[in-house]
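Everything on this sheet refers to the single structure shown next.
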Amino acid sequence: MARKRKGEGQAALVTGASTGIGVDLAECFAKDGYDLILVARSEGPLKEVAMRLASKYKITATPIAMDLGAMGAGQKLANEIKSRGLFVDVLVNNAGYGIAGAFAGSDEAGQLGMIDLNVRALVELTHVYWPKMLAKKRGGILNVASTAAFQPGPLMAIYYATKAFVLSFSEALWKESEGTGVHVSCLCPGPTVSEFRARAGTDKTKLSRVGKPMSSASVARMGYRGFQRNDRVVVTGARNKLLAGMAPLLPRGMVLSMVKDLQSPV
Ligand SMILES: NC(=O)c1ccc[n+]([C@@H]2O[C@H](COP(=O)([O-])OP(=O)(O)OC[C@H]3O[C@@H](n4cnc5c(N)ncnc54)[C@H](OP(=O)(O)O)[C@@H]3O)[C@@H](O)[C@H]2O)c1
């Protein structure tokens with residue numbers, strides 16, 4: 001008789017699952033037998049991911065196309081999930097975007113939209129599912145922040161600030177859930193191959209010329225393993241770990257100058 005997979009009978013909701021790290025995170029959960037609810041705006045790619053993972057791993061995968069940056073989207077998604085008779089054991093808050101450049105002269109909608117998606121939607125979904133996880137004493141939350149979370153980011157100020165929020169919020173919940181059986185991990189990738197950098201404009205910064213970006217598959221695997229171990233923070237790769245570990249120890253002025261230089265156009 002085949003051995004029962006770790007996630008069988010559980011469902012993971014993965015946001016930002018039409019491309020990039022979210023697709024690979026969804027695959028990690030699917031491989032272990034979790035059913036999936038996949039969310040992003042692009043319906044076509046989302047359906048393709050759902051069909052591929054469902055047939056490859058013999059799980060159920062439900063695509064729901066939705067703009068999570070819209071006001072109240074988190075609650076709207078939760079209502080949609082409930083109306084379909086689905087449930088969520090693990091919440092993977094992965095959807096996010098960044099915009100490179102000085103804050104002065106930036107597009108207001110783009111800047112506020114980052115807060116709505118990277119922070120507001122993440123908090124809304126967590127607020128819905130967190131109490132249910134604690135009551136059931138299982139499941140948990142995997143939040144995707146960034147190495148940007150460890151210091152302020154001149155020339156990408158709002159993005160860095162949103163990720164600092166995600167890291168701080170995640171660590172606080174990790175402590176609140178201690179001893180409950182509910183897991184909370186904050187995945188902090190450094191530069192990773194995906195559509196993110198072209199969308200954010202960070203492919204033209206000095207930072208983009210430093211080292212080789214990691215693959216989204218390896219980043220996702222590290223995040224998934226860290227979540228299963230209930231690691232509070234998962235920084236991907238030795239170089240990123242070193243930089244994230246050094247940032248709070250160095251004089252803040254020096255860190256700000258370094259980041260501003262790295263975020264400057266080539
Ligand atoms: N790549 C990196 O270098 C890097 C480094 C550190 C952290 N991260 C973080 O990793 C996470 C995933 O990024 P990625 O690299 O995989 O980027 P990506 O390839 O651009 O994927 C982003 C995902 O989020 C979805 N998304 C964007 N806006 C959305 C919205 N308004 N509503 C619902 N879904 C939305 C996108 O789908 P649609 O466009 O179809 O909606 C896509 O599925 C993000 O939180 C990012 O900040 C990335």
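Please state which of the following conditions VAL182 fails to meet, knowing it meets all the rest: (1) more than 21 Å from LYS241 (Cβ to Cβ); (2) surrounded by fewer than 20 Cβ atoms within 10 Å (Cβ to Cβ); (3) away from the ligand (no atom under 15 Å from the Cβ).
Unmet for VAL182, out of (1) more than 21 Å from LYS241 (Cβ to Cβ); (2) surrounded by fewer than 20 Cβ atoms within 10 Å (Cβ to Cβ); (3) away from the ligand (no atom under 15 Å from the Cβ): (2).
Restricting to segment 191-212, name every residue that is among the hydroxyl-bearing types (Ser, Thr, Tyr) and within 7 Å of the ligand (Cβ to nearest atom).
THR192, SER194
Does at least one position in segment 184-203 carry a residue that is in contact (Cβ under 8 Å) with a residue 24 or more places away in the chain and over 19 Å from GLY16 (Cβ atoms)?
No.
Give THR60, THR19 a once-over and let me know the one that is in contact with a strand residue (DSSP E or B) (Cβ under 8 Å, 6 or more places away or on another chain), farther than 26 Å from ARG197 by Cβ and polar (S, T, N, Q).
THR60
Filter segment 140-157 down to the residues that are within 12 Å of the ligand (Cβ to nearest atom) and touching a helix residue (DSSP H, G or I) at 6+ places or on another chain (Cβ under 6 Å) and list them by number.
Passing the criteria: LEU142, ASN143, ALA145, SER146, THR147, ALA148, ALA149, PHE150, GLY153.
GLY190 - would you say it is surrounded by fewer than 16 Cβ atoms within 10 Å (Cβ to Cβ) and either in contact with a strand residue (DSSP E or B) (Cβ under 9 Å, 6 or more places away or on another chain) or at pLDDT 95 or above (or both)?
In short, no.
Taking the condition crowded, with 23+ Cβ neighbours inside 10 Å, modelled with pLDDT of 95 or more, part of a helix (DSSP H, G or I) and within 13 Å of the ligand (Cβ to nearest atom), does LEU13 pass?
Answer is no for this residue.
One line per residue, one yes/no per condition, for (1) more than 9 Å from the ligand (Cβ to nearest atom); (2) under 15 Å from the mean Cα position of the chain (by Cα); (3) polar (S, T, N, Q):
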position	(1), (2), (3)
ASP24	no, yes, no
CYS28	yes, yes, no
GLU43	no, no, no
LYS47	yes, no, no
ALA50	yes, no, no
ALA61	yes, no, no
MET71	yes, no, no
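Looking at ARG225, ARG138, ARG221, can you tell me which residue is farther than 30 Å from PHE103 by Cα and either over 16 Å from the mean Cα position of the chain (by Cα) or of a type in the set (Phe, Trp, Tyr) (or both)?
Unique residue meeting the criteria: ARG138.
The values are calculated or read from the model by the stated rules, or taken from the named source; none is laboratory data. Not measured: the values here are computed from a predicted model. Note that each Cβ is placed from the backbone with ideal geometry, even for glycine, and that neighbours are counted across all protein chains shown.
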